[in-house]
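Report on one structure; see the data block that follows.
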Amino acid sequence: MDRVDAVVIGGGMAGLIAAWQFTRAGLRPVLLESRGYTGGLVAGSTIAGVSYDIGAEGWAVRIPDTEALAGELGLTVEYPRAAPSWVWFDDGPFAMPVRAILGIPADLGAPDVLTALGVEGARRAAELDSRPVPETLPADLGSLVEQRMGSQVLGRLVAPIAGGIHAADPHLLATEVVSPGLTDAVRRAGSLAGAVALLKGDGPVKPVVASVSGGMFLMPQTLAAQILDAGGRILTRTGARGLSRGGEGWIVNAASTHRGVDPALPPEPDGDPLDLTAPRVVVACSAVTARPLLGQVIDVDGPELTPGAPIAHVNLAIRAPGLDDSPRGNGMLVASGSTGVQAKALTHLSAKWPSLTASCPTGLHLLRISYGRGGQQAQELSVEQAVADAAALTGVSLRADQVVDSQIIHWTGALAPTTPETRSWVQGLHSRIADQQGLGLTGAWASGSGIAALVPHARRTAERLV
Ligand SMILES: Cc1cc2nc3c(=O)[nH]c(=O)nc-3n(C[C@H](O)[C@H](O)[C@H](O)COP(=O)(O)OP(=O)(O)OC[C@H]3O[C@@H](n4cnc5c(N)ncnc54)[C@H](O)[C@@H]3O)c2cc1C
């Protein structure tokens, strides 16, 4: 059995950050990753010779830690070009209100809100939101918006954004996870619009997301390189399957993995065994594998996890002069129930990110056409369908023979929504793990929502164990 300083299970962003944090304290961690690459849901590829993100493309800037980490890693941060997002309804597209959180407007009288809701709709929402705030507010985003602003605001403004970012119905999303502090701000401001205004502050609207210049995928690549430079080890195609107390504190039973039948699930660790013992273990793998591992040492009983949507992207490199003026800003979301297109979103990647604009030769555009809503079955995808959807959404005539290169990427189940039930289950897990000396749990599902929340959580988890 190998004795090591620390074992980190899972080589996505959370595991890489935890391992990197260990190296900052002079430790030499071993990171186990069951797939053949590190980075998990942050991954890069090349299309028409241009490197770009096929997974997460950035982080929410409301939590400053990811930007700070980028600086520590020597990476340059970039912000998307200032442009509104659009939303598509069968009755016509419109630009989303700019001063808003998850589509919830800060001012129900703003011109962009009136365009989206109509004068009468905006008036009704304002009237509802002027009612006294009750003692108890609903815990899920959908019910909160419905109660304070009505179903039109929920359906036309919030559901498309929540569906786009979290791939889930707003009723499945815990408000405190997707917009921390919002519920408390409603109480302080006396209205939901007032709460959004309070949280957004005055002054020009700042970008809500940021990324790494050159691609978000550079962050896990750099983390991995710095872990190796500091003497850490990264074992890909090696999955953890056992966790127990003993040896130097903890014993991790791992084994080499083989590609499973379902590429959406982490590969099974059923090959050559590898046993490690360490005083510190961080579990940073996906919930589906973390749960049985943790179940070997603590009680993991809790709700069944809501499966993530069958997310898939058709990425196109296309030569189309009609897109030169980026007619839909940085992209658009498609309202659920729309029949005019099959896609659920379009991102004009080469217009959105300055470094990508610079990498694309003149006239070449990178589009990401997204499919797969929560609760849907995975659908057959094709470049032809994506081109037809992109043409409808942008209002530009596009043909398949203008496509220079394309990639179809599946992320089935990758983004399981954090429901109020899963949130309290995860809180319970954390308090049980706090009693286990030398054991830590992190990862997007265990720390809140997305990269912004996992970065400080993963760093703290490792720091606590040093
Ligand atoms: C298409 C897409 C777009 C996204 N866009 C954004 C965005 O713009 N902004 C944002 O903040 N977030 C975004 N996200 C979410 C974000 O990517 C994730 O929240 C984050 O990357 C998760 O990191 P993680 O390390 O917690 O998990 P993962 O990336 O899932 O990593 C977990 C790793 O553990 C490994 N593993 C599993 N079991 C074992 C085992 N037994 N032993 C060893 N290893 C194991 C897995 O193979 C995997 O590599 C997006 C996600 C997707 C899919």
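Would you check if residue 370 is at negative phi and surrounded by fewer than 23 Cβ atoms within 10 Å (Cβ to Cβ)? Spelling it out, it is not the case that residue 370 is at negative phi and surrounded by fewer than 23 Cβ atoms within 10 Å (Cβ to Cβ).
Kindly provide the set of residues from the stretch 46-60 that are within 12 Å of the ligand (Cβ to nearest atom) and out of contact with any helix residue (DSSP H, G or I) (no Cβ under 7 Å at 6 or more places or on another chain), ordered by number.
Matches in the stretch 46-60: 53, 54, 55, 57, 58.
Residues that are in contact (Cβ under 8 Å) with a residue 40 or more places away in the chain and either under 17 Å from residue 113 (Cβ atoms) or out of contact with any strand residue (DSSP E or B) (no Cβ under 9 Å at 6 or more places or on another chain) (or both) within the stretch 170-193 comprise 176, 177, 178, 180, 183, 186, 187, 190, 191, 192, 193, listed in sequence order. The residue that is nearest to residue 216 (Cα to Cα), counting only those in the stretch 357-367 that are surrounded by fewer than 24 Cβ atoms within 10 Å (Cβ to Cβ) and not small (Gly, Ala, Ser), is 357. Under 7 Å between Cβ atoms, at least 6 apart or on separate chains: pull out the pairs that start in the stretch 438-457 with a residue that is on the phi < 0 side of the Ramachandran plot and at pLDDT below 95 and end on any residue that is assigned to a loop (DSSP other than H, G, I, E, B) and among the small types (Gly, Ala, Ser). Listed by first residue and then by second, the contacts come to 445/416. Inspection of the stretch 66-83 finds a residue satisfying the criterion of being under 29 Å from residue 239 (Cα atoms), of a type outside the set (A, V, I, L, M, F, W, C) and either in contact (Cβ under 8 Å) with a residue 60 or more places away in the chain or within 13 Å of the ligand (Cβ to nearest atom) (or both). The set of residues in the stretch 19-37 being near the ligand (Cβ under 9 Å from one of its atoms) and either more than 26 Å from the chain's Cα centre (by Cα) or crowded, with 24+ Cβ neighbours inside 10 Å (or both) consists of 31, 32, 33, 34.
Given the residues 305, 276, which is the only one that is more than 30 Å from residue 208 (Cβ to Cβ) and within 16 Å of the ligand (Cβ to nearest atom)? Give the derivation first.
Values: 305 fails: more than 30 Å from residue 208 (Cβ to Cβ).
276 is the lone residue from the list that is more than 30 Å from residue 208 (Cβ to Cβ) and within 16 Å of the ligand (Cβ to nearest atom).
When the stretch 241-296 is filtered for residues that are part of a strand (DSSP E or B), among the basic types (Lys, Arg) and over 15 Å from residue 440 (Cα atoms), only 241 remains. Taken over the stretch 268-305, the criterion of being buried (at least 19 other Cβ atoms within 10 Å of the Cβ) and of a type outside the set (A, V, I, L, M) is satisfied by 269, 280, 285, 286, 289. Among the criteria (1) in a loop (DSSP other than H, G, I, E, B); (2) among the charged types (D, E, K, R); (3) in contact with a His (Cβ under 9 Å, 6 or more places away or on another chain), the one residue 325 does not fulfil is (3). If the condition is being within 15 Å of the ligand (Cβ to nearest atom), without any contact (Cβ under 8 Å) to a residue 40 or more places away in the chain and more than 11 Å from residue 296 (Cβ to Cβ), then the stretch 237-260 contributes 255, 256, 258, 259, 260.
The values are calculated or read from the model by the stated rules, or taken from the named source; none is laboratory data. Treat the numbers as computed from the prediction; the structure is a model and nothing was measured. All Cβ positions, even for glycine, are placed from backbone atoms using ideal geometry, and neighbour counts span all protein chains on display.
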